[in-house]
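A.B. asks: This is the structure, below, for whatever I ask next.
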Amino acid sequence: MKQVNILMMGGKRCGKTTVLASMYRYIDKALAGTSMRLEVDDQQTKHDLDEAINSIMKKMNDFKVPLTRVEVDENPTSASKTYSFHLIVEGGSKIPFKIHDIPGEWLTDSHQKEVKDLVKECQVIIIAIDTPYLFSKMTIKGYGIYHEEYNKPLEIANFFKNSLSVENVEDRMILFVPIKCERYYHLTNTPQLNTSKRNYMQELIDAIGCGYRDLLMYLRSTPALINNCTMAITPILSAGGIDFVRFRTDPETGKVISLYQEPEFLHESEKGYAPKFCEQPMIYALIYILLQEMEPNKSKSRFGGAAKLFRGMNQSQMFTAVETLRKKLKRNTGNHPEDGFYFIQNPREL
Ligand SMILES: Nc1nc2c(ncn2[C@@H]2O[C@H](COP(=O)(O)OP(=O)(O)O)[C@@H](O)[C@H]2O)c(=O)[nH]1
Ligand SMILES: [Mg+2]
């Protein structure tokens, strides 16, 4: 059956479900004016998203105590999850909309073949990046000391290079989504804290360039990839009113712990659960998929014609939807990234 498939990969427990829950909470605003709505399709998805919101809300409360410690989850599940939604198009047609969440380990273990098959079905691949691990404890390599271990950039690059053919990845959108960006966003935008006037969100782009160097080089290595593979960076504040402060090694156990707290100088309205930009990856994905469907030359698009996927939506409605979404899309102006949003490669001219 024709459906939208999005693949999310990243370290275990890096906060993917929480981001999805925040995204879903604000999706109506993102889709207003597009003739489309997104609805949860099954009880399990609803349960998982509700639980993620409850968990993060509870954390927000705990973080009112300065420097609350968070330990790396020792027993994370390494199962994949599929979140099921329906994209409902005005006029009644329902398009299955699935988001597949796979742990980084799957790229190197016996599940490789499964992931490979999944990639073939997915229009959009999201690489979720735990930003404190990428950015904190910066090394001369241009990324943080824990990045390789927790975000698995080498495993991701090797999987793309060795397990997928060029046809598997061209004609795809690949989004680098740094999550938990609160600290860097707040530092950049709080004059009292940013005495050296650094733009941390812009520096994040360089850290991604260094931290995912192999993958980026590969995705720009052939004309087929450069001309067909869309790549962008879309940072997210998954929760809003909490800042990662620093890593510390527990002297007793030797384990790395993260310290979080409510940010200083934050406006009252931004305190507590106030995620930012979570809808952006979805806006990027939808514009991309709509444009792919509207392309006159369908021979290249393996995902079929407009009439098939967006049943009930005519060409002019699709055009309006694209234009409406475009107005909401955060993007760089020329080479100047806004809040760390940056198109690395944009052959379809989103
Ligand atoms: N401090 C902090 N914790 C978070 C954030 N996002 C998620 N978490 C917590 O991290 C844990 C794992 O999150 P989850 O979304 O389930 O991660 P997933 O395994 O990648 O889907 C949960 O306890 C969340 O409440 C965040 O932005 N900041
Ligand atoms: Mg999860």
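The values are calculated or read from the model by the stated rules, or taken from the named source; none is laboratory data. Because the structure is predicted, anything quoted here is derived from the model rather than measured. Ideal geometry is used to build each Cβ from the backbone, glycine not excepted, and the neighbour counts take in all protein chains shown.
A.B. asks: Give the residue that is farthest from GLU148 (Cα to Cα), with candidates limited to residues of the stretch 199-214 that are surrounded by fewer than 22 Cβ atoms within 10 Å (Cβ to Cβ) and of a type outside the set (D, E, K, R).
C.D. replies: ASN199
A.B. asks: Which one is farthest from the chain's Cα centre (by Cα) among residues in the stretch 235-265 that are closer than 28 Å to LYS327 by Cβ and in a loop (DSSP other than H, G, I, E, B)?
C.D. replies: Across the stretch 235-265, the extreme among qualifying residues is GLY241.
A.B. asks: Considering only the stretch 101-121, state which residues are of a type outside the set (A, V, I, L, M, F, W, C) and either within 21 Å of GLN3 (Cα to Cα) or out of contact with any Ser or Thr (no Cβ under 8 Å at 6 or more places or on another chain) (or both). Working first, answer last.
C.D. replies: Taking the stretch 101-121 and keeping what is of a type outside the set (A, V, I, L, M, F, W, C), we get 101, 103-105, 108-114, 116-117, 120-121.
Passing the criteria: ASP101, GLY104, THR108, ASP109, SER110, LYS113, GLU114, LYS116, ASP117, LYS120, GLU121.
A.B. asks: Would you tally the residues in the stretch 184-204 being touching a helix residue (DSSP H, G or I) at 6+ places or on another chain (Cβ under 7 Å) and not in a loop (DSSP other than H, G, I, E, B)?
C.D. replies: Total satisfying the criteria: 7.
A.B. asks: Among the residues of the stretch 77-106, write down those that are outside any strand (DSSP E or B), within 16 Å of GLU121 (Cβ to Cβ) and away from ligand 1 (no atom under 12 Å from the Cβ).
C.D. replies: Within the stretch 77-106, just TRP106 meets the criteria.
A.B. asks: Could you pull out the residue among THR131, THR108 that is hydroxyl-bearing (Ser, Thr, Tyr) and without any contact (Cβ under 8 Å) to a residue 60 or more places away in the chain?
C.D. replies: Selected residue: THR108, the only one of THR131, THR108 that is hydroxyl-bearing (Ser, Thr, Tyr) and without any contact (Cβ under 8 Å) to a residue 60 or more places away in the chain.
A.B. asks: Could you give every pair whose Cβ atoms fall below 6 Å, whose first residue belongs to the stretch 322-345 and is of a type in the set (Lys, Arg), and whose second residue is assigned to a helix (DSSP H, G or I) and buried (at least 19 other Cβ atoms within 10 Å of the Cβ), counting only separations of at least 6 or pairs across chains?
C.D. replies: Close Cβ pairs (under 6 Å, with a partner that is assigned to a helix (DSSP H, G or I) and buried (at least 19 other Cβ atoms within 10 Å of the Cβ)) amount to LYS328/ILE283; LYS330/GLN280.
A.B. asks: Scan the stretch 43-54 and tell me whether some residue there is away from ligand 1 (no atom under 14 Å from the Cβ) and either of a type in the set (Val, Ile, Thr) or under 21 Å from the mean Cα position of the chain (by Cα) (or both).
C.D. replies: yes
A.B. asks: Does LYS16 satisfy the criteria of being basic (Lys, Arg), within 16 Å of ligand 1 (Cβ to nearest atom) and under 20 Å from PHE277 (Cα atoms)?
C.D. replies: Working: basic (Lys, Arg): yes; within 16 Å of ligand 1 (Cβ to nearest atom): yes; under 20 Å from PHE277 (Cα atoms): yes.
Judged against the criteria, LYS16 is a match.
A.B. asks: Within the stretch 126-157, which residues are of a type in the set (S, T, N, Q) and part of a helix (DSSP H, G or I)?
C.D. replies: Selection gives THR131, ASN151.
A.B. asks: I'm checking my understanding of the structure. Among residues of the stretch 39-66 that are under 24 Å from ILE129 (Cβ atoms), aliphatic (A, V, I, L, M) and away from ligand 2 (no atom under 16 Å from the Cβ), which one is modelled with the highest pLDDT?
C.D. replies: Only one residue fits best here, namely MET57.
A.B. asks: When the residues of the stretch 116-125 are narrowed to those that are in contact (Cβ under 8 Å) with a residue 60 or more places away in the chain, touching a helix residue (DSSP H, G or I) at 6+ places or on another chain (Cβ under 9 Å) and not in a loop (DSSP other than H, G, I, E, B), which ends up nearest to MET282 (Cα to Cα)? Show your work before the answer.
C.D. replies: From the stretch 116-125, those in contact (Cβ under 8 Å) with a residue 60 or more places away in the chain are 118-119, 121-125; that's our starting set.
Pick out the ones that are also touching a helix residue (DSSP H, G or I) at 6+ places or on another chain (Cβ under 9 Å) and you get 119, 123-125.
Narrowing further to those that are not in a loop (DSSP other than H, G, I, E, B): 119, 124-125.
On the way: VAL119: 18, VAL124: 10, ILE125: 11 Å.
Per the stated criteria, the residue is VAL124.
A.B. asks: With the requirement that a residue be part of a loop (DSSP other than H, G, I, E, B), crowded, with 17+ Cβ neighbours inside 10 Å and modelled with pLDDT of 95 or more, what does the stretch 331-349 give you?
C.D. replies: Those that are part of a loop (DSSP other than H, G, I, E, B), crowded, with 17+ Cβ neighbours inside 10 Å and modelled with pLDDT of 95 or more: ASP339, GLY340.
A.B. asks: Taking the stretch 77-117 as the region of interest, how many residues are within 14 Å of ligand 2 (Cβ to nearest atom), at pLDDT 95 or above and surrounded by 19 or more Cβ atoms within 10 Å (Cβ to Cβ)?
C.D. replies: Residues in the stretch 77-117 being within 14 Å of ligand 2 (Cβ to nearest atom), at pLDDT 95 or above and surrounded by 19 or more Cβ atoms within 10 Å (Cβ to Cβ): 3 in total.
A.B. asks: Mind listing whichever residues of the stretch 236-285 are within 12 Å of LEU67 (Cβ to Cβ) and hydroxyl-bearing (Ser, Thr, Tyr)?
C.D. replies: Listed by number, the residues that qualify are SER258, TYR260.
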